[in-house]
């Protein structure tokens, strides 16, 4: 049951729907994700299982998916049958982890239409169910993950103990197996140098926070991922509500910082935003890092309501579409680093120009 | 004393924790403490699992440590010492085999050892039936792999029988009243 390649082509050609800038608070929260870890009771965990056993897991799970309405009309991709670039495309779209992306073992991913729901098979755990939503929607993301999990649980025998819950390969996931996270954009707090204080207070209430791109001391694009840390001793609802509560506070702090930026440093802020826009709009060679950082500034401008910068989804989408594998897929062949930079610049210009035409502003602004 | 994470620099940051009346200590260098976000006690969660387990070594004597290291999962054969190195368990049964070692570890990671979340969707005849089907399919596949074709044929017949029964039940319920 392998998906026809045109399905995959269609997937690559369109930006991930969770980047479309819809959903509550999408000016600050890019997306919400919920992940559930599950294992089959009678098979050793992935890293201790033989390839034949993992083939068995793939077969059992595929069978169960046929009976799960949440996964209707989805496609199954087998990692062993995919090229390195195509596997990397899935990593860049946040559908697949780096571990699953290596392609060496019988692993797969099932992707439901619109990429809102997906299931990694034979990653660190046999099943990693994931739901993605645009903007700040933890309750919604949880309820669709919960439903899909119930559907699979009717036909699969999950490793579970009454006392300690779902049994996972790593004890950090034991219990609910839940990891709920928000991808949050905090440029004003970074500009006002208040970010460290905020990150520290997030960690103090038992949540985890890290930069999306780059190492923690050198966060690119002012994008942070906040997630729950513990999975035992609290219910899924508790974890989701905890994340929701803390995220709300972070959103308010960022909103106040943005107000101060505009009040106290309007010219400097607008200047930063428009310079970033100008670089993106007219560059001829640009690195992935630079795109991420410039997009962050433009994203801030869009959120502040500066006219003429185009809609939010355009900058969101650039973050993924300009990554190396997406670029090479769009180009239709391998590119050297230098060629990528040139092709990336062209793609960025074209997309911003198209957005310009749609808003009827013209290229002369 | 050297840092328990990098093993190179002298340990200058010391944490002591008491759980269930047992004391355990972590000794790390400034750099690792900074890197692992260890400035606040709550930030201990940032610890890599393998580091966490390594941090617990001090709380047991070396002979006890050796004995514990030889505890083995009867199902998948994983040694506790191997788990300590990778931080990954081998199968569901490892949780049972290593329960005495895992309990303090789980408490340390999560601050609790009791599951409060959902349980697998189950109960009801339909559910147990599809579970049964799943098991049969798995068995069938294993039989084919082992080239035990007689057994495979038996399982196949069993699956067919259940499907016939299922259909009968379905038409029964669909009949107009």
Next on the checklist: Which of rounded, prolate or oblate describes chain A when judged by the alpha-carbon gyration tensor and an a/c cut-off of 1.5?
Outcome noted: oblate
Checklist outcome for this item: For A:282, A:343, ascending order of other Cβ atoms within 10 Å (fewest first) is A:282, A:343
Next on the checklist: If I fit a long axis through the Cα atoms of helix A:337-359 and take the longest principal axis of the Cα atoms of chain A, what angle between them do I get, 0 to 90°, rounded to 10?
Outcome noted: 70
Checklist entry - Hey, what D do you get for segment A:225-266 in µm²/s if you plug the Kirkwood alpha-carbon radius into Stokes-Einstein at 25 °C and 0.890 mPa s? => result 204
Next on the checklist: For the pair residue A:73/residue B:136, report the inter-label distance in nm, with labels modelled 7 Å from Cα in the Cβ direction.
Outcome noted: 3.2
Checklist entry - Roughly how tilted is helix A:195-204, in degrees to the nearest 10 and between 0 and 90, from the longest Cα axis of chain A? => result 20
Item to check | Residues A:47, B:115, A:98, sorted so that the one with the fewest Cβ neighbours within 10 Å comes first | outcome: A:98, A:47, B:115
Checklist entry - Between residue A:98 and residue A:10, what length comes free when the chain is fully extended (0.36 nm per residue of separation minus the Cα-Cα distance, one decimal in nm)? => result 29.4 nm
Checklist outcome for this item: Measuring from the longest principal axis of the C-alpha atoms of chain A, the long axis of helix A:312-321 (C-alpha) lies at a number of degrees, nearest 10, equal to 60
Checklist entry - What is the spin-label model distance, in nm, from residue A:346 to residue B:107 if the labels are put 7 Å beyond Cα along the C-beta direction? => result 6.3
Item to check | Rg/Rg_ref, segment A:311-364, where Rg_ref = 2.2 N^0.38 Å and atoms are Cα | outcome: 1.22
Checklist entry - For residue A:263 and residue B:159, what does the FRET efficiency come to when R0 = 60 Å and r is the distance between their Cβ atoms, rounded to the nearest 0.05? => result 0.25
Checklist entry - Sorting A:274, A:142, A:18 on the 10 Å Cβ count, fewest up front, what's the list? => result A:274, A:142, A:18
Checklist entry - Does segment A:222-304 come out rounded, prolate or oblate, given a ≥ b ≥ c as the square roots of the eigenvalues of its C-alpha gyration tensor, rounded meaning a/c under 1.5 and, failing that, prolate meaning a/b above b/c? => result oblate
Checklist entry - From the Cα gyration tensor of segment A:18-122, with a ≥ b ≥ c the square roots of its eigenvalues, which class applies: rounded if a/c is under 1.5, or else prolate if a/b is larger than b/c, or else oblate? => result prolate
Next on the checklist: Between residue B:31 and residue A:147, what is the label-point separation in nm under the 7 Å Cα-to-beta-carbon projection?
Outcome noted: 5.1
Checklist entry - Tell me, what is the FRET efficiency for residue A:204 and residue A:271 to the nearest 0.05, using R0 = 30 angstrom and their Cβ-Cβ distance as r? => result 0.25
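Every read-out reported here was derived from the displayed coordinates using simple, explicitly stated rules and does not represent laboratory data. Everything numeric in this text was worked out from a predicted model, so none of it was measured. Counting neighbours? That spans all protein chains shown, and the Cβs are built from the backbone with ideal geometry, glycine included.
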